[in-house]
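Each reported figure results from applying straightforward, stated rules to the coordinates on display, with no laboratory input. Predicted, not measured: the structure shown is a model, and the values here were computed from it. With ideal geometry, Cβ positions are generated from the backbone for all residues, glycine too; neighbour counts draw on all protein chains shown.
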Amino acid sequence: MKKLYQAMLQLLNKGESFVQATVLTQSGSAPRTAGAKMIILADKSTMGTIGGGLVEARVQELAAEVFETKEAVTREYHLTGSEAGQMDMICGGMLEVLVEYMDASNKQLFNIYQDIVTAIEKRKRVVMVTPLVNRINEDSQSFLVKEDGSVTGTFFGPAEWMEQFKSQARSRYPKVITIDGQRFLVEPVSTSGTVYIFGAGHVSQRLALLTSLVDFRTIVLDDRKEFANRDRFPTADEVIVLENFEQAFKNLDIDKDNYLVIVTRGHAHDKNVLAQALRTKACYIGMIGSKRKRDTIYRTLREEGHKDDDLKKVYSPIGLEIAAETPEEIAVSIVAELIRVRAEQNK
C-alpha cells in the first residue's frame, strides 16, 4: 500500500487527476479485502487491484463516468458463484465499492496524501476518514487524523466522533463504521512494523523478500559489504553495513513496533546481537538455531547477568514449527510467526 500512496502523491504533484476505487465491504469471503484500492487513470491504465475479475472490469467502466461527473459513487456488485470464484471468494456474495474522483487541483487532497506518505516514512500512525454519504459538498471530503489529534483537511462533527476515529489507529485493516447514522470509511495508515534482519545470508535474502511483501518495513544489517548490499536485497527499505556485530544497535531507535530477527553466520555473533536486543523495547526478538545452540547461548547470557524472564521473551528456535529445512521454507516459517505476533500486537 505504501507504493500506491506514493504513486497517488506523485500524480497529484504532477497535476494529474485520477479515479480511485476502494472496496468498502464484502460478503462471501474474509474481510481482508476491505480497503483494497485501485487507481484508474484518464488513459484507462490502472495501478493496484480490488481483486480482479468481472467486478474490476465493471469498476473501470464506472470510472469513465466518474471522470466526467467528478462525483463520488458507491456501488454494490452482487456476484454469482462463478464470478466470486474469479476473486477468490468462497461463494456468491456482495462487494461494495467506493469510486471517487481525485482532483489534482484540490490542494487539500494533496496535503492529505503528502502527510500520509510522510507518516509512513516516519513510522507515525494516522487515520484517513472518508464520509460515505452526501459527498457532493466540500465539507464532506476525506480528512486525515494524526496521532496528536490534529487534522489535515476539514472535519465537521462532535468531539466524540473524533475519539472514535483516533481509536482505530492501532488497527491494521480499514473498516466502515457508523456513527449517529453516518457511515465512514476509516483507514488506518502505518508501516505495519519494522523488521530488522541481523545477518545477510541465504535465509535473510528470502526473508527480506517476504517481509516486504507483507508490508513490514525491512532493514538488513551485516558486517560484510559483499553480503549487505542492494544487489542481494533489492526489496529491502534499507541495507546497513555494520562496523561489527558488537555494535549492532548503534544509531538504531528500537521501539515496540520493531521486530528483531537474528540470523547471523555464527553462534558468537548471534549471542552478541541477542545480548543487545534484550535491552531494547522490541515487541519481537527471534533467533535462529537448534534448541541445543539456544541453550548454550542462554547459559552464557545468564552468566553475564541476564534474567530468565528476559530470555523467555525470545522466540527460539525461530519461526512456526512446520518442519522447515530449506532457506525458503525457513523464511516462510519466520514470516508466519511475525504475522501472528503483529496481529496480537494490534488487537
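Once you keep just the Cα pairs under 8 angstrom separated by 6 or more residues, what percentage relative contact order results for the chain?
12 percent
Rounded, prolate or oblate for the chain? Axes are the square roots of the Cα gyration tensor eigenvalues, ordered a ≥ b ≥ c, and the cut-off for rounded is a/c under 1.5.
prolate
If the elastic network links every pair of Cα atoms under 10 Å, which of GLY15, GLY201, GLY266 fluctuates the most in the Gaussian network model of the chain?
GLY266
Gap in Å between the Cα centre of region 187-223 and the Cα centre of region 31-75?
31 Å
For region 229-328, rounded, prolate or oblate, judged on the Cα gyration tensor with a ≥ b ≥ c (square roots of eigenvalues), a/c < 1.5 rounded, else prolate if a/b > b/c?
Since a/c reaches 1.5 but b/c is at least a/b, the shape of region 229-328 is classed as oblate.
Check each of the GluC sites (Glu not before Pro) in region 298-341 and keep only those in coil by DSSP with at most 15 other C-beta atoms within 10 angstrom; list them in order.
For GluC sites (Glu not before Pro) across region 298-341 that sit outside H, G, I, E and B with at most 15 neighbouring Cβ atoms in 10 Å, the list reads GLU304, GLU321, GLU325.
Fewest to most neighbouring Cβ within 10 Å: what's the order for SER212, SER290?
Exposure proxy ranking, most exposed first: SER290, SER212.
Using the alpha-carbon atoms, what tilt in degrees (0 to 90, nearest 10) does helix 2-13 show relative to the longest principal axis of the chain?
50 degrees
Quick check: the angle from helix 53-69's long axis to the longest principal axis of the chain, C-alpha only, nearest 10 degrees?
Computed tilt is about 50 degrees.
Among the aspartates and glutamates, which fall within straight-line cross-link reach of LYS225, defined as a Cα-Cα distance under 14 Å, with same-chain neighbours fewer than 8 residues apart omitted?
GLU238, GLU243
Would you mind classifying region 107-189 by shape? Square roots of the alpha carbon gyration tensor eigenvalues, ordered a ≥ b ≥ c; an a/c under 1.5 is rounded, otherwise it is prolate if a/b is larger than b/c and oblate if not.
Judged from the Cα gyration tensor, region 107-189 comes out oblate (a/c at least 1.5, b/c at or above a/b).
What's the magnitude of the charge dipole for the chain around its Cα centre, counting Lys and Arg as +1 and Asp and Glu as -1 at the beta-carbon? Answer in Debye, nearest 20.
Dipole size: approximately 1000 debye.
Relative contact order, percent, of region 107-189 when contacts are C-alpha pairs under 8 Å separated by at least 6 residues?
So the answer I get is 33 percent.
Just want the answer: with Cβ charges of +1 for Lys and Arg and -1 for Asp and Glu, which residue in VAL23, SER290, ALA228 is farthest toward the dipole's positive end in the chain?
Most positive-ward Cα: SER290.
Hey, which aspartates and glutamates would be in cross-link range of LYS293, C-alpha to C-alpha under 14 Å, not counting anything within fewer than 8 residues on its own chain?
Correct list for LYS293: ASP270.
Do the sum for the chain: with -39,500 (n - 2.57) for every DSSP H run of n ≥ 4, divided by all residues, what is the mean residue ellipticity at 222 nm, to the nearest 500 deg cm²/dmol?
Mean residue ellipticity at 222 nm (helix-derived): -10500 deg cm²/dmol.
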